[in-house]
1. Which condition number does T44 fail, the rest of (1) open to solvent by 60 Å² or more (accessible area, probe 1.4 Å); (2) touching a helix residue (DSSP H, G or I) at 6+ places or on another chain (Cβ under 8 Å) being met?
2. Which of the numbered conditions does L66 fail, given that it passes all the others? Conditions: (1) more than 15 Å from L5 (Cα to Cα); (2) in contact with a helix residue (DSSP H, G or I) (Cβ under 7 Å, 6 or more places away or on another chain).
3. From the residues in the stretch 47-75 that are assigned to a helix (DSSP H, G or I) and of a type in the set (A, V, I, L, M, F, W, C), which one is most open to solvent (accessible area, probe 1.4 Å)?
4. When you go through (1) surrounded by 13 or more Cβ atoms within 10 Å (Cβ to Cβ); (2) of a type in the set (G, A, S); (3) not in a helix (DSSP H, G or I) one by one for S6, which number turns out not to apply?
Amino acid sequence: RCPMLSINPKMLSRLKELEEDLLARRKRAVEEDWRGEIEGLDLTLTFLRSKREQARRFQRSDPVSLGMPEIPHQKPQVTDS
């Protein structure tokens, strides 16, 4: 659920496993009428799906070359002693 967490596209298969598990847990929560649990699972599923889409977007985009930064040459400072 962390908004700062970025998912590595290599982990997409793991997200699928997590989603399957959450859906099974949600099914049981519905059967047992655990309303609070259903709400929490729905929220977690929403965040998981959002992270999956974010990872897919990253997977489709090519890396951007930022180049090497140039460091301007500094003149040596002369001090009177």
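The values are calculated or read from the model by the stated rules, or taken from the named source; none is laboratory data. Since the structure is predicted, the reported quantities are computational estimates derived from the model, not experimental observations. All Cβ positions, glycine included, derive from the backbone under ideal geometry; neighbour counts span all protein chains shown. All accessible areas refer to the heavy atoms of the entire protein, side chains included, with ligands and DNA or RNA removed. Shrake-Rupley method; radii C 1.70, N 1.55, O 1.52, S 1.80 Å.
1. Evaluating T44 over (1) open to solvent by 60 Å² or more (accessible area, probe 1.4 Å); (2) touching a helix residue (DSSP H, G or I) at 6+ places or on another chain (Cβ under 8 Å) leaves (1) as the failure.
2. Unmet condition: (2).
3. Step one: of the stretch 47-75, the residues assigned to a helix (DSSP H, G or I) are 47-60.
From what is left, the residues that are of a type in the set (A, V, I, L, M, F, W, C) are 47-48, 55, 58.
Details: F47: 80, L48: 19, A55: 0, F58: 99 Å².
Step by step, filter the stretch 47-75, then rank; the result is F58.
4. Among (1) surrounded by 13 or more Cβ atoms within 10 Å (Cβ to Cβ); (2) of a type in the set (G, A, S); (3) not in a helix (DSSP H, G or I), the lone unmet condition for S6 is (1).
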